[in-house]
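K.L.:
Below is a structure I'd like to ask you about.
Just so you know, all these numbers are worked out from the coordinates, no wet-lab data involved. The model shown is predicted, which means the values in this text are computed figures rather than measured ones. Neighbour counts are summed over all protein chains in view; Cβ atoms, including those assigned to glycine, are modelled from backbone coordinates with ideal geometry.
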Amino acid sequence: MFGKNSKALAIALMAVAGITCAASAQTRVACVGNSITAGYGLGWQEDYPFQLQEMLGDSYKVQNFGVSSMTFANKGPSDNMSYWNTDKFKAALEFNPEIVVIELGTNDSKFFTNNCIENGQPQYNYNYGQYEKEQLYKDYEALLDTFMHLATSPRVIATLQPYSNNCGWGIMDTAIVNQINPIIEEVATRKGVEIIDLHSQFNTPAWFLPDSVHPNATGAKELARIIKEGILKAPADTSGITPADTVPGVSDSTGTQDSTTAIRRNAQGFAGQDAQGWGSQDAQSLGQQDARRFDMQGRTMQREYGRRSATPLVQKRRGAN
C-alpha cells in the first residue's frame with residue numbers, strides 16, 4: 001500500500017513540476033500602448049493583446065498594459081496624460097518582459113494639430129504647440145531605453161502608428177505621418193529597435209470603429225495578426241547600427257527634415273480627404289495635406305521616410321485615445 005501511494009505521489013509531483021516548468025518557459029510579452037492597445041470600445045476578450053495571446057498560444061504569456069489617452073511625451077510627474085506616470089507603466093516594468101511591443105504616439109500627434117473643420121465648424125485643439133518636438137525625440141528614446149535596460153534585456157518592438165483621423169479629438173493623420181511616425185522610426189532605427197509598420201499594414205476602413213481611430217473587434221484581430229507576424233520573425237541583426245551623435249531631426253540636418261521632404265515629394269498622388277471611407281473631418285487648415293499618400297481606390301496607406309534604411313518593418317477598452 002505504501003509503495004502504491006509513493007508511486008502516486010511521485011507521479012503527482014512530476015505533473016506539478018511539469019506544469020511549473022511549462023509556465024516558467026513562457027515568453028512574456030508586454031503590450032504597451034494607448035487606447036488602441038487598451039481596447040477602447042471592445043469587450044474584454046476582443047482587444048488585440050487578448051487575441052494575440054490566442055494566436056501565439058501557451059508558450060507565450062501576453063499581458064495588456066495599454067492606457068487610454070496616453071502619450072509617450074513626459075512633461076513630468078504632474079502630467080496626467082503621460083504613459084510614464086501610469087500604474088500600467090510600472091506594472092509593465094515589473095512584469096519583466098522578454099518582448100515589449102510599444103504602440104504609443106497617436107495622442108502625441110495632438111501637439112501638431114492646430115485646428116481643423118468638422119461638420120463645417122472649426123475645432124480648436126488646446127494641445128497644439130504644448131510640447132517641443134525636440135523633447136519628443138528625447139522622451140521616446142528614454143522610453144525605449146527604459147525597457148531595453150531591464151534585467152531581462154527584452155526584445156523591444158516599436159510600432160509606427162496606424163491611420164487615425166478624428167478632428168474633434170485633435171488627432172489628424174497628417175500629423176501622424178508628418179511628425180510622429182518619423183520620430184518613432186528615426187529613434188527606433190538609431191537604437192537598433194525593430195519596427196512594425198502599422199500605418200501601411202493596418203489600412204482598411206472596415207477594421208475601424210466610426211471614430212476613425214480605434215479598431216473594432218475585426219480590426220483588433222487583424223492588428224493582433226500583424227503584430228504576431230512581427231514577433232515570430234527572427235529579430236533583425238542590429239550589430240552594424242551606430243548610434244548618432246545627435247538627435248536626428250533636432251540638430252542633424254540629414255535627419256527627419258529630409259524625410260518629411262521626401263514624404264511631400266512622393267505625395268503627388270494624394271487625392272484629398274476621403275470623406276466616404278473615414279468620415280467628414282477636414283484637415284485643410286493644417287497645411288500638411290500633401291504629406292500623406294492615400295490610395296482611395298485600393299484603400300492602402302503608404303509612407304516613405306526618405307533615404308534612411310530602417311530595420312525591417314517587421315490598440316481598446318473604455319476611455320478614448
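K.L.:
Can you pick out the pairs among K61/K88; K110/K221; K110/K133 whose Cα atoms lie more than 21 Å from each other?
P.N.:
Going by Cα-Cα distance, K110/K221 fall outside the 21 Å limit.
K.L.:
Go through segment 53-64 residue by residue and turn each phi into a ³J(HN,Hα) via Karplus (6.51, -1.76, 1.60, θ = phi - 60°); whole Hz please, and just put x for glycine and proline.
P.N.:
For segment 53-64, the Karplus curve yields 4, 4, 6, 7, x, 6, 6, 10, 10, 9, 10, 8 Hz.
K.L.:
Using r as the Cβ-Cβ distance of A91 and A206, and R0 as 25 Å, what FRET efficiency do you calculate, to the nearest 0.05?
P.N.:
On the way: r = 33 Å, r/R0 = 1.33.
After rounding to 0.05, the efficiency reads 0.15.
K.L.:
Where does each of Y83, Y48 land when they are ranked from fewest to most other beta-carbon atoms within 10 angstrom?
P.N.:
Y83, Y48
K.L.:
Under 5 Å between amide hydrogens, which residues at least 5 positions from V100 or on another chain qualify, with H placed 1.01 Å from N in the peptide plane?
P.N.:
The answer is A30, R155, V156, I157.
K.L.:
Could you pull out every residue, at least 5 positions away or on a different chain, whose amide H is within less than 5 Å of the one on N166? Hs are placed 1.01 Å off N in the peptide plane, and Pro or chain starts have none.
P.N.:
Residues meeting the amide H criterion: I171, M172, D173.
K.L.:
Applying the Karplus parametrisation 6.51 cos²θ - 1.76 cosθ + 1.60 with θ = phi - 60° to the phi angles of segment 153-160, what ³J(HN,Hα) value in whole Hz is obtained for each residue in order, glycine and proline being reported as x?
P.N.:
Once θ is set to phi - 60°, the couplings for segment 153-160 become 6, x, 7, 9, 10, 9, 10, 6 Hz.
K.L.:
How much length would be gained if the chain were fully extended between Q45 and A25, taking 0.36 nm per residue of separation minus their Cα-Cα distance, in nm to one decimal? Please list the in-between numbers first.
P.N.:
Working: separation 20, 0.36 × 20 = 7.20 nm, distance 2.40 nm.
Contour length minus Cα-Cα distance gives 4.8 nm.
K.L.:
Can you work out the FRET efficiency for the pair D58 and S153, with r the C-beta to C-beta distance and R0 = 25 Å, to the nearest 0.05? Write down the numbers at each step before the final one.
P.N.:
Numbers: r = 24 Å, r/R0 = 0.94.
That pair, D58 with S153, gives E of 0.60.
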